[in-house]
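Below: one structure, written as structure tokens.
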Amino acid sequence: MNSNNTAQADIGLIGLAVMGSNLALNIAENGYRVAVNNRTASKIDNFVAEAGELRDQIVPNADLGDFVRSIKQPRSIIIMVKAGAPVDMTIEALLPHLDEGDAIIEAGNANYRDSVRRFEELTPKGIGFLGIGVSGGEEGARHGPSIMVGGSKAQWHNAEEVLTAISAKFNGESCCAYLGSSGAGHFVKTIHNGIEYADMQMIAEVYGVMRDGLNMSALACAEVFKSWNEGPLNSYLIEITGLVLEAVDDKTGKPLVELILDKAGQKGTGRWSAIAAQELGVAATTIEGAVAARSMSALKDERIAAEKIYGASDSVDISVTLKQLEQALLAGKIAAYAQGFAILSKASEDNKWDLPLGTIARIWRAGCIIRSGFLDQMAASYDKGVAVNLMVAPEFVEVMQQNQGALRQVVAAGALGAYPMPCLGAALAYFDSYRQSRGTANIIQGQRDFFGAHGFVLMDRDGEQHGDWPSTLD
Ligand code: ATR
């Protein structure tokens with residue numbers, strides 16, 4: 001370990017677990033010198049030993065002070081440690097070694113509220129704080145993730161060159177952008193994950209119909225997803241679904257997917273997006289449905305017991321075509337993205353972030369989990385002027401008109417056949433509620449005034465009114 005290294009690194013990185021190591025190698029491969037540090041020093045040695053020809057670009061330092069001093073000023077230091085308290089502990093440890101104008105770049109899966117707090121704590125100390133959402137998993141970190149940047153704008157410019165260089169590229173355009181102050185970057189990453197949950201759940205719902213309703217083998221399903229990946233649904237998630245479905249278990253020779261336990265894990269970011277929607281008062285039922293579906297999936301024992309009472313859903317035939325399933329997914333996807341962008345839009349307004357929605361669509365086109373051709377269409381649509389909701393953006397109106405009938409058929413068939421569709425069903429209800437000029441909240445207002453004198457507005461009169469309701473007491 002060379003603790004007296006005089007080499008000036010372009011950027012620093014603390015935390016050499018999977019994501020941090022891959023990000024550091026990505027930085028090195030792009031021709032920048034990266035100083036690295038980790039709480040457990042042996043991991044620094046292992047990292048350097050495995051860096052191969054990129055070794056010369058790496059400046060290892062187990063001593064935090066030496067690590068900081070090895071970085072060019074004003075310094076940019078990426079923290080990629082376990083989310084939560086470890087991030088705060090690392091910031092505390094770093095502070096005595098930093099100089100005014102340096103920046104801490106928190107790249108973990110932070111709750112955006114923590115990024116807001118860290119930004120507010122560090123700014124008065126003269127230390128910049130950037131909370132960056134990094135999407136694309138291990139492979140993305142190594143070869144080009146989508147990077148959503150929020151925080152101190154001045155310090156962003158110091159780190160911009162490196163972060164832009166290591167990001168994914170879509171037709172040569174970088175998938176890294178500054179999106180707004182404070183917690184904006186991690187907020188956008190959170191909503192990205194909410195949309196990701198919805199995309200995945202809608203795919204799972206359609207797979208359920210194929211498997212149980214149409215009695216298709218995993219391999220037959222794989223072929224369908226592969227063909228869909230050539231069409232309007234073209235995306236990373238559709239592609240990997242095909243690959244997951246065709247994988248075979250070495251031991252039994254059976255399709256692997258049929259052996260995987262139907263309990264989905266979650267690390268919390270999808271839940272955070274549903275909570276954010278609720279807190280902001282934005283209807284995002286497709287995203288919420290996806291989070292709830294994961295919670296429901298965890299109740300395996302209860303589901304087994306309940307199926308014994310009510311019978312299995314695959315005892316009922318379903319009459320939908322593969323074309324209708326593809327179209328339903330496309331319509332559902334528009335509703336889900338409309339919800340995600342509606343959350344972003346409201347958060348931007350409330351927090352004065354001025355989030356650039358077109359840019360967000362653009363930096364999601366490559367590198368991240370929800371990358372797709374669809375996002376390229378979305379970015380182009382936002383370039384022509386921001387529609388109040390994606391479902392009424394001219395390009396998407398046409399797609400919705402062409403595919404909403406299939407969504408309706410699929411959801412209806414799901415309802416009749418007992419195939420759960422928490423996301424596709426919610427997407428349809430969202431669409432139908434949004435396009436209904438005369439809703440049914442008049443009765444809600446009547447009820448609220450009846451029991452709580454909350455008042456209502458009459459369409460032919462000014463001001464708040466109350467009803468002269470009868471007593472329900474005998
Ligand atoms: P993994 O990604 O393997 O699950 P993790 O527990 O999430 O690992 O931790 C990721 C990184 O956070 C590691 O670099 C870890 O440092 P160690 O290698 O020393 O375990 C770092 N980390 C976790 N808690 C930390 C803390 N309190 N202070 C500093 N670094 C910490």
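Size descriptor for region 191-434, Kirkwood hydrodynamic radius: 18.5 Å (Cα pairs only, one decimal).
Here is how the number arises for the chain: DSSP H runs of 4 or more residues each give -39500 (n - 2.57), the sum is divided by the residue count, and the result at 222 nm is -16500 deg cm²/dmol. Each Cα pair under 8 Å and six or more residues apart adds its sequence gap; the mean of these over the residue count of the chain is a relative contact order of 13 percent. Applying both filters, DSSP loop and at most 14 other Cβ atoms within 10 Å, to the trypsin sites (Lys or Arg not before Pro) of region 258-298 gives 263, 267. For trypsin sites (Lys or Arg not before Pro), the sites in region 30-129 that DSSP calls loop and that have at most 15 other Cβ atoms within 10 Å are 72, 82.
To the nearest 20 debye, what charge dipole does region 247-377 have about its Cα centre, counting +1 at the Cβ of each Lys and Arg and -1 at the Cβ of each Asp and Glu?
The calculated dipole for region 247-377 is roughly 300 debye.
Rounded to the nearest whole Hz, the Karplus-based 3J(HN,Hα) values (6.51 cos²θ - 1.76 cosθ + 1.60, θ = phi - 60°) of region 269-278 follow the sequence 6, x, 4, 4, 6, 5, 5, 4, 4, 5, with x at glycine and proline. Please identify which residues in region 401-445 have an amide N closer than 19 Å to a label point set 7 Å out from the Cα of residue 457, following the Cα→Cβ vector. Residues 434-445 qualify, since their backbone N sits under 19 Å from the label point. The dipole here belongs to region 191-434: it is taken about the Cα centre, uses +1 on the Cβ of Lys and Arg and -1 on the Cβ of Asp and Glu, and is about 280 debye. For a distance above 42 Å, tell me the whole-number percent of Cα pairs in the chain that qualify. In whole percent, the long-distance tail amounts to 27. Computed from the C-beta positions of residue 121 and residue 474 and an R0 of 56 Å, the FRET efficiency is 0.35 to the nearest 0.05. Compare the Cα positions of 168, 340, 16 along the charge dipole of the chain (+1 at Cβ of Lys, Arg; -1 at Cβ of Asp, Glu; about the Cα centre) and return the one farthest towards the positive end. Farthest along the dipole direction, towards plus: 16. Remark: the residue 45-residue 215 segment gains 55.9 nm on full extension, using 0.36 nm per residue and subtracting the alpha carbon distance.
Against the empirical 2.2 N^0.38 Å (N residues), region 1-121 has a Cα radius of gyration ratio of 0.99. Shape analysis of region 344-418 based on the Cα gyration tensor places the equivalent ellipsoid semi-axes at 28, 15, 14 Å, largest first. Debye-formula intensities of region 36-78, expressed as log10 I(q)/I(0) at q = 0.23, 0.30 Å⁻¹, are -0.81, -1.10 (one equal scatterer per alpha-carbon, no solvent). An ellipsoid equivalent to region 132-208, defined through the eigenvalues of its Cα gyration tensor, has semi-axes of 26, 16, 9 Å when rounded to whole angstrom and sorted largest first. Look at the dipole of region 337-442 built from charges on Cβ: of 436, 397, 419, the Cα furthest out on the positive end belongs to 419. Return the lysines within reach of residue 82: Cα separation strictly under 23 angstrom, same-chain partners fewer than 8 residues apart disregarded; answer none if there are no such residues. List returned: 43, 189, 267. Taking a quarter of the surface of the Cα convex hull of region 296-431 gives a mean projected area of 10.3 nm². Dividing the alpha-carbon radius of gyration of region 381-442 by the rule-of-thumb value 2.2 N^0.38 Å gives 1.30.
All of the numbers you see were taken from the coordinates with simple rules; none came from a lab. Note that the structure is a prediction, hence the values are computed from the model and not measured. We place every Cβ from the backbone using ideal geometry, glycine too, and count neighbours over all the protein chains shown.
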